[in-house]
Structure formats: structure tokens, C-alpha cells
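The values are calculated or read from the model by the stated rules, or taken from the named source; none is laboratory data. A quick note: this is a predicted structure, and the numbers were derived from the prediction, not measured. Quick reminder, even Gly has a Cβ in these numbers, built from the backbone with ideal geometry, and neighbours come from all protein chains shown. Quick note on the areas: whole protein, heavy atoms, side chains included, nothing else; ligands and nucleic acids left out. Shrake-Rupley method; radii C 1.70, N 1.55, O 1.52, S 1.80 Å.
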Amino acid sequence: FIRTVLPMSISCRMRFTGAKVRQAAEDAVQNELPAECGGVIAVSAEDGEIAMPFNTTGMYRGARKVDGSKSVGIWKTETPLPQP
């Protein structure tokens with residue numbers, strides 16, 4: 001992730017294209033990381049939107065929002081957090 005500068009790529013996609021964090025993170029993970037490499041947990045400072053894309057079979061991930069809703073998952077079939 002350091003070599004791909006993935007967080008900066010996500011930030012630039014949001015800043016210069018107007019993409020929301022979910023779309024920016026998904027695009028960056030699918031197009032810039034090597035296949036079966038991993039994923040990210042990204043949070044938008046603007047509205048608290050959470051994105052957890054990955055390009056592997058599974059990724060341990062979890063999040064909790066201010067309203068108390070929470071999400072824990074490993075596989076792609078598990079439901080992500082509801083978005084604002």
C-alpha cells in the first residue's frame with residue numbers, strides 16, 4: 001500500500017472528480033492494487049461515509065458509526081454498513 005500510494009489515490013479521486021469515498025476507494029482497490037492483494041477501510045471526513053473494498057477472497061473488517069450501527073465481516077457477501 002505504501003508503494004501504490006493508495007490512500008492518496010483515493011483522496012485525489014474524491015477531490016478532483018467529486019467521487020464519494022465508496023466509489024473512489026472501490027476504483028482504487030480494483031484498478032491500482034495487484035490482484036488478490038488486499039483492501040482498505042476508508043472514511044470520509046466530510047460526511048462519515050465508510051467504504052471497505054477489497055480484491056481478495058475475504059478481508060477482516062469492522063466499523064461502528066456514531067448512531068451505534070456496526071458492521072463486522074470477512075467475506076464479500078456480508079452486508080456493509082448503511083450509508084448516510
Projected area of the chain, taken from the Cα convex hull and averaged over every viewing direction, in nm²?
5.4
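Sort 60-67, 41-48, 20-27 by the packing proxy (mean of other Cβ within 10 Å over each peptide's residues), most packed first.
Details: 60-67: 12.2, 41-48: 13.8, 20-27: 20.4.
Final packing ranking: 20-27, 41-48, 60-67.
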Per residue, how much accessible surface does the chain expose to a 1.4 Å probe? Answer in Å², no decimals.
66
Classify region 32-78 as rounded, prolate or oblate, taking a ≥ b ≥ c as the square roots of the eigenvalues of its Cα gyration tensor: rounded when a/c is under 1.5, otherwise prolate if a/b is larger than b/c and oblate if not.
oblate
What's the carbon and sulfur percent of the chain's accessible surface, probe 1.4 angstrom, rounded to a whole number?
58
Rounded to the nearest 500, the 222 nm mean residue ellipticity computed for the chain from DSSP H runs (n ≥ 4, each -39500 (n - 2.57)) alone is -9000 deg cm²/dmol
